[in-house]
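Asks: First, the structure itself, so that you have it in front of you.
The values are calculated or read from the model by the stated rules, or taken from the named source; none is laboratory data. Every value quoted in this text rests on a predicted model; they were computed, and no experiment measured them. Backbone-built Cβ (ideal geometry, glycine too); neighbour counts: all protein chains shown. In case anyone asks, the SASA skips ligands and DNA or RNA and just uses the protein heavy atoms, side chains included. Shrake-Rupley method; radii C 1.70, N 1.55, O 1.52, S 1.80 Å.
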There are 2 protein chains.
Amino acid sequence: MRSVYSVMQTEPLGLHLVLDRAEALFADRAVLDRGPGGVRRTDYAGVFAGARALAALLADLGLRPGDSVATFSWNTAEHLCAYIALPGSGLVMHTVNIRMGAEETAYTLAHAGDRAVLVDASLWEVWAKVAPPDTLEHVVVTGEAPADLPAAHGGARVHRFALGTPADTGTAPAPAPRPWRRPADEHEPAAICYTSGTTGHPKAVVYSHRSVYLHALTLCGADAFAVSHHDTVLPVVPMFHANAWNLPYAALLAGAGLALPGRHLDPERLGPFISASGATFSAGVPTVWSALAEAVRAGRVPADALAPLERVVIGGSAAPPALLDALAKLGVAPVHAWGMTECSPVGLVATDPLTADEDERAAARRSQGRPLPGLAVRSAAADGEVPWDGATPGELEISGPYVVDRYYRPEKDTEDSFTRTPDGRRWLRTGDMVVVGRRGYVTLVDRAKDMVKSGGEWISSVDVENRLTAHPGVRESAVIAVPDPTWGERPLAVVARAEGAEGGPVAAEDLAAYLAESLPRWQVPDRFVFVDEVPKTGVGKFDKKRMRAVYGAAG
Amino acid sequence: MRSVYSVMQTEPLGLHLVLDRAEALFADRAVLDRGPGGVRRTDYAGVFAGARALAALLADLGLRPGDSVATFSWNTAEHLCAYIALPGSGLVMHTVNIRMGAEETAYTLAHAGDRAVLVDASLWEVWAKVAPPDTLEHVVVTGEAPADLPAAHGGARVHRFALGTPADTGTAPAPAPRPWRRPADEHEPAAICYTSGTTGHPKAVVYSHRSVYLHALTLCGADAFAVSHHDTVLPVVPMFHANAWNLPYAALLAGAGLALPGRHLDPERLGPFISASGATFSAGVPTVWSALAEAVRAGRVPADALAPLERVVIGGSAAPPALLDALAKLGVAPVHAWGMTECSPVGLVATDPLTADEDERAAARRSQGRPLPGLAVRSAAADGEVPWDGATPGELEISGPYVVDRYYRPEKDTEDSFTRTPDGRRWLRTGDMVVVGRRGYVTLVDRAKDMVKSGGEWISSVDVENRLTAHPGVRESAVIAVPDPTWGERPLAVVARAEGAEGGPVAAEDLAAYLAESLPRWQVPDRFVFVDEVPKTGVGKFDKKRMRAVYGAAG
């Protein structure tokens, strides 16, 4: 029997499809960034000209397809040039977290095999502290570099690159527009990101051209982030963290405007930048939005600064319901999302279900969301899959064409991070304890390792945090487990008070009484520690590891 | 030097990702269709139960992954079951155009190697006339089949399938939900469609799982069709034509409601079905929308029947600007699109550019649109690519991962339908003469073969048609070239008059004078033929081939 075969093109899925498109169709779309000199305005044509100059410089330095190049930068137009020029030339982009220590930085640069690094001029001093002595061949200082830049740093030659200036080799004239490099194979690497674990060195995820393309296309979906040509996208999430949730590529694919906020993300500078850039869409961790909402409430940022903003994606950690409500009151639609570097990174988005039941809609909006197209999720316990009943907790497992299959050259075996089902599918174990509802909405119960086990019963730290944050006297709070001789573990709350709350600063007794109204007494923390700022990791998440180290002594 | 490699999953892009998702997340989303018994209402759960019963029946009949199965049906819920069950079981779906003659039908069934066909009960008589005598093993009559159905037809055994009834073998209990079949390779065939040429038999395009998935995902994009969970999608375009523009799969991916209009597409039945189904999104050829707009104007369909409808995709042939304006006046946003079976099929969509220039926006909305993500377009003349200057005509060429690379087993060489550029890309020559503007908007000048060459100068038949259709006395019009002893060719207009136009039926002199106001005299047709209905092909496009045969004698 003759078998029918497909006759469709096998054009590789790659970033050339995004970059050629953006350059051809959207030349005059705006790109703004905010640097030491204030707000700078250019357009796709300007950014692509910069990217071509950067690509020419790197080629002149001898970098070839397959080589890895690091970036060390804020969200700037030069960083966007790197997002274009590196994978657009077949290079592998390694976005280094600027907040890592010297030891981890050296580890990741060596692990990725980076030959060069692009360092933001304003981060030169930071870089100098963490730079490995001699593994790199080239350092390119981007943006407004000081005149007295040394010619070499460690064993590396030093070069300059800035938007709108010719490449500093002086030999390469701006090349005529030509297609960006088409990967020979769509599984070629496009970018490498590191994700910190609780022990050992960070683990590496290498995205392929295919996975980045598919994820960016998926984010443009009407029920995902609906990124459109008519949007101006302001990624608050750093471009050194999980490809800024892939928003730069989604924006380029859609031809959206881009507003890159640079170094300063405090409400007093972010608010006016939203206003000046006309940003319609933004995305970041909950603490950024809490601070902004609080600043508007306290009158430090005028409410009309947020006028252009239509929707804000909140992810990276669970958003307290009180924050979702506060944003909605400011006229900004909050879009709750969940992701992991391992999932490219966005995996779940909490867009509305179609139901007349307002309680169900509200619960859905507060959940972590439903899987994006392409992804499958399951909730697993030791004895197999748990039902989607909205009640039984299990560990979230996720599978799909833009989910990691394994880590890249891990320093120890990581097979326990994955499972395989009999149908041959591979599943990433996310480490998140969840319940899944009837329509597939996933609600985070806790990080598996952040659950508090008191007297044999589980307490969800996220649940207690959400309730605490709803108290008007609380700006933000984190709940951790501390060892307890009687109960095994007990919850401890680290609380930052809201400024100028009515009735003066809130006290521990107030909070304990408040929680006891809605929680069983044994779930109420025994201790409340008041701090100016809840400790956070380099990417703005609560740093529970550090808090456990500081407050973990038996109380 | 060590090379970094990607560590992402290589999960195949396939319809299992769409079907498993739809079944898991959207069980209670509505599906309506309109059959002989009126409007029938079910939901995804009902349709998927039907699809599982159909898949079980076909497996019982011995059909195995890789086998081809034909459908012969209107847009019905049973046809939707086939869209799910066939590629969801690894079978290749061949949607037969019910308006082909016996010879072409037999050719395509033999060419596709179909082992079975699913025939809509209401089309049994039509099928009996075109059915090949003995190449098929099984005929499954779908929907409300008469009680006295024969046990065999030609050499084929006859079976029944209807939504909500068990499979007629009686042996297969409804299987418990399990994942739909995951293709071993994403390039496995999912569906086969035939496209009629001007000479010879229809040519075959075989879609892969990958191409259907990518195209459906792309259609859900905010700047494409933005198909959302909150939409109810009403495909007027037949499911036997180019996979109904891939809307069924886009709708299933998004979890949109589906409203399938069945056999009757006249305004008097389509209007109330829009109203009853709450359709927010529809799509079809211009003539359907002209007839509907005209029926509303003439009071035969109440304007509020269209109240739920938010946007309508018009494609298949160029929409006259007058039609776009008429729809906008009815409160429906017209979305002009362009496609070919060879492009999965939608390739261009005319969503708004971001510009303050209202003239440019209007021109963009009237154009055929910009390429969807993933696609590249060029405009080519004999001596190479022509510039995107909005003025120089060239033939539109298109390339991308859901464009055909070649035809499936063509009866003669079709290499002249394709070109290849030095970068290795393959381009489909569309046969459409276009101009491309600065921002990549493509405007159709004419089908290459429909251009009229008069005295050595080209006349665009589409341009003359658009002007004619703007005249209040004209409902629709087609312009063709007829041989002329002096000029080589001259334009002839075939005109259907608007009913009840002010001032009585329009005359040829009126139209000639009207056109002469905006066109050079030599571009005005010499002859106007008035007809009740402009002849159309089986898929509702103007049948210029037939008109040339009828009116082509030198005038």
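Asks: Residues that are within 20 Å of B:W338 (Cα to Cα), surrounded by fewer than 20 Cβ atoms within 10 Å (Cβ to Cβ) and of a type outside the set (S, T, N, Q): does region B:453-467 have at least one?
Replies: yes
Asks: Just to be sure before I move on: is A:A333 of a type in the set (G, A, S) and open to solvent by 40 Å² or more (accessible area, probe 1.4 Å) in the structure I sent? Spell out the reasoning first.
Replies: Details: of a type in the set (G, A, S): yes; open to solvent by 40 Å² or more (accessible area, probe 1.4 Å): yes.
Here the answer is yes, as A:A333 does meet what is asked.
Asks: Here is a follow-up. When the residues of region A:346-367 are narrowed to those that are touching a His at 6+ places or on another chain (Cβ under 9 Å) and closer than 26 Å to B:W180 by Cα, which ends up surrounded by the fewest Cβ atoms within 10 Å (Cβ to Cβ)?
Replies: A:L354
Asks: Looking at B:L292, B:L330 in this structure, which one is in contact with a Gly (Cβ under 8 Å, 6 or more places away or on another chain) and over 27 Å from B:T218 (Cβ atoms)? Before you say what the answer is, go through the steps one by one.
Replies: On the way: B:L330 fails: in contact with a Gly (Cβ under 8 Å, 6 or more places away or on another chain).
Testing whether each residue is in contact with a Gly (Cβ under 8 Å, 6 or more places away or on another chain) and over 27 Å from B:T218 (Cβ atoms) leaves just B:L292.
Asks: If you don't mind, another one. Tally the residues that are open to solvent by 80 Å² or more (accessible area, probe 1.4 Å) and either modelled with pLDDT of 90 or more or among the basic types (K, R) (or both), restricting the search to region B:123-150.
Replies: Going through region B:123-150 one residue at a time, the tally reaches 3.
Asks: Please verify whether A:P261 is out of contact with any Cys (no Cβ under 9 Å at 6 or more places or on another chain) and open to solvent by less than 30 Å² (accessible area, probe 1.4 Å), treating the condition exactly as stated.
Replies: Working: out of contact with any Cys (no Cβ under 9 Å at 6 or more places or on another chain): yes; open to solvent by less than 30 Å² (accessible area, probe 1.4 Å): yes.
Yes, satisfied.
Asks: I would also like to ask the following. Being modelled with pLDDT under 95 and in contact with a strand residue (DSSP E or B) (Cβ under 6 Å, 6 or more places away or on another chain) narrows it down to one of B:D405, B:D432, B:D416, B:D423, so name that one.
Replies: On the way: B:D405 fails: modelled with pLDDT under 95; B:D416 fails: in contact with a strand residue (DSSP E or B) (Cβ under 6 Å, 6 or more places away or on another chain); B:D423 fails: in contact with a strand residue (DSSP E or B) (Cβ under 6 Å, 6 or more places away or on another chain).
The unique qualifying residue is B:D432.
Asks: Pairs needed: first member in region B:124-145, assigned by TED's automatic domain parsing to the domain that holds B:A70; second member anywhere, hydroxyl-bearing (S, T, Y); C-beta distance under 6 Å; at least 6 residues apart or different chains.
Replies: The qualifying pairs are B:V130/B:T105.
Asks: Moving on. Answer yes if at least one residue in region B:391-398 is under 30 Å from B:R361 (Cβ atoms), in a strand (DSSP E or B), within 14 Å of another protein chain (Cβ to nearest Cβ) and open to solvent by 10 Å² or more (accessible area, probe 1.4 Å), and no otherwise.
Replies: No - not one qualifying residue is present in region B:391-398.
Asks: Failed condition for B:A516, given (1) hydrophobic (A, V, I, L, M, F, W, C); (2) open to solvent by 70 Å² or more (accessible area, probe 1.4 Å); (3) over 28 Å from B:A549 (Cβ atoms), with all others met?
Replies: Result: B:A516 fails condition (2) only.
Asks: Which of the residues spanning region A:213-254 are of a type in the set (A, V, I, L, M, F, W, C) and in contact with a Phe, Trp or Tyr (Cβ under 6 Å, 6 or more places away or on another chain)?
Replies: Scanning region A:213-254 gives A:L214, A:A216, A:L219, A:V233, A:V237.
Asks: Also, I was wondering about something else. Specify the residue that is least open to solvent (accessible area, probe 1.4 Å); the eligible residues are those in region B:187-197 that are within 9 Å of chain A (Cβ to nearest Cβ) and either part of a loop (DSSP other than H, G, I, E, B) or touching a Gly at 6+ places or on another chain (Cβ under 9 Å) (or both).
Replies: Going residue by residue through region B:187-197, those that are within 9 Å of chain A (Cβ to nearest Cβ) are B:187-190, B:192.
Now narrow it down to the ones that are either part of a loop (DSSP other than H, G, I, E, B) or touching a Gly at 6+ places or on another chain (Cβ under 9 Å) (or both): B:187-190.
Values: B:H187: 70, B:E188: 41, B:P189: 20, B:A190: 1 Å².
That would be B:A190.
Asks: Quick one: which of A:G424, A:G431 is on the phi > 0 side of the Ramachandran plot, assigned to a strand (DSSP E or B) and open to solvent by 10 Å² or more (accessible area, probe 1.4 Å)? Give the steps one after another, and end with the answer.
Replies: Values: A:G424 fails: assigned to a strand (DSSP E or B).
Result of the check over A:G424, A:G431: A:G431.
Asks: A:F48 versus (1) within 25 Å of B:G437 (Cβ to Cβ); (2) surrounded by fewer than 19 Cβ atoms within 10 Å (Cβ to Cβ); (3) not charged (D, E, K, R): which is the lone unmet condition?
Replies: (2)
Asks: Every residue in region A:228-258 that is farther than 23 Å from A:T341 by Cα and either open to solvent by 10 Å² or more (accessible area, probe 1.4 Å) or acidic (D, E) (or both), please.
Replies: If the condition is that a residue be farther than 23 Å from A:T341 by Cα and either open to solvent by 10 Å² or more (accessible area, probe 1.4 Å) or acidic (D, E) (or both), then A:S228, A:H229, A:H230, A:D231, A:T232 are the ones that fit.
Asks: Here is a further query. For region B:484-514, name all the residues that are in contact (Cβ under 8 Å) with a residue 60 or more places away in the chain and either part of a helix (DSSP H, G or I) or of a type in the set (D, E, K, R) (or both).
Replies: Let us first name the residues in region B:484-514 that are in contact (Cβ under 8 Å) with a residue 60 or more places away in the chain, namely B:484-485, B:490, B:492, B:498-500.
Across region B:484-514, the qualifying residues are B:D484, B:R490, B:E499.
Asks: Now for a separate question. Among the listed residues A:R438, A:R378, identify the single one that is open to solvent by 20 Å² or more (accessible area, probe 1.4 Å) and more than 20 Å from B:H16 (Cβ to Cβ).
Replies: When all the criteria are applied, what remains is A:R438.
Asks: Let me ask something additional. Of everything in region A:164-186 that's farther than 24 Å from A:A242 by Cβ and at pLDDT 65 or above, which residue is farthest from the other protein chains (Cβ to nearest Cβ)? It would help to see each step written out before you state the result.
Replies: If we filter region A:164-186 for residues that are farther than 24 Å from A:A242 by Cβ, which is where we start, we get A:164-179, A:182, A:184.
From what's left, at pLDDT 65 or above: A:164, A:178-179, A:182, A:184.
On the way: A:G164: 22, A:R178: 9, A:P179: 6, A:R182: 7, A:A184: 9 Å.
Top of the filtered list is A:G164.
Asks: Filtering region B:53-103 down to residues that are at pLDDT below 95, among the aliphatic types (A, V, I, L, M) and within 22 Å of B:A242 (Cβ to Cβ), which residue is nearest to the chain's Cα centre (by Cα)?
Replies: This residue is B:I98.
Asks: On to the next question. Between a first residue in region B:525-544 that is touching a residue at least 40 places away in the same chain (Cβ under 8 Å) and a second residue that is aromatic (F, W, Y) and surrounded by fewer than 16 Cβ atoms within 10 Å (Cβ to Cβ), which pairs have beta carbons less than 6 Å apart while being 6 or more apart in sequence or on different chains?
Replies: none
Asks: Go through region A:328-389 and tell me which strands (runs of 3 or more DSSP E), entirely inside it, have 1 or more residues that are touching a residue at least 40 places away in the same chain (Cβ under 8 Å), closer than 22 Å to A:W427 by Cβ and at the interface with another protein chain (Cβ under 10 Å from one of its Cβ atoms).
Replies: On the way: elements: A:333-339, A:346-349, A:376-381.
Correct list: A:376-381.
Asks: Same structure, new question: Considering only helices (runs of 4 or more DSSP H) fully contained in region A:1-109, which possess at least 1 residues that are at the interface with chain B (Cβ under 9 Å from one of its Cβ atoms) and closer than 30 Å to A:S277 by Cβ?
Replies: A:15-25
Asks: Next question. Consider A:P401 against the criteria (1) more than 26 Å from B:E186 (Cα to Cα); (2) within 7 Å of chain B (Cβ to nearest Cβ): it satisfies all of them except one. Which criterion is unmet?
Replies: (1)
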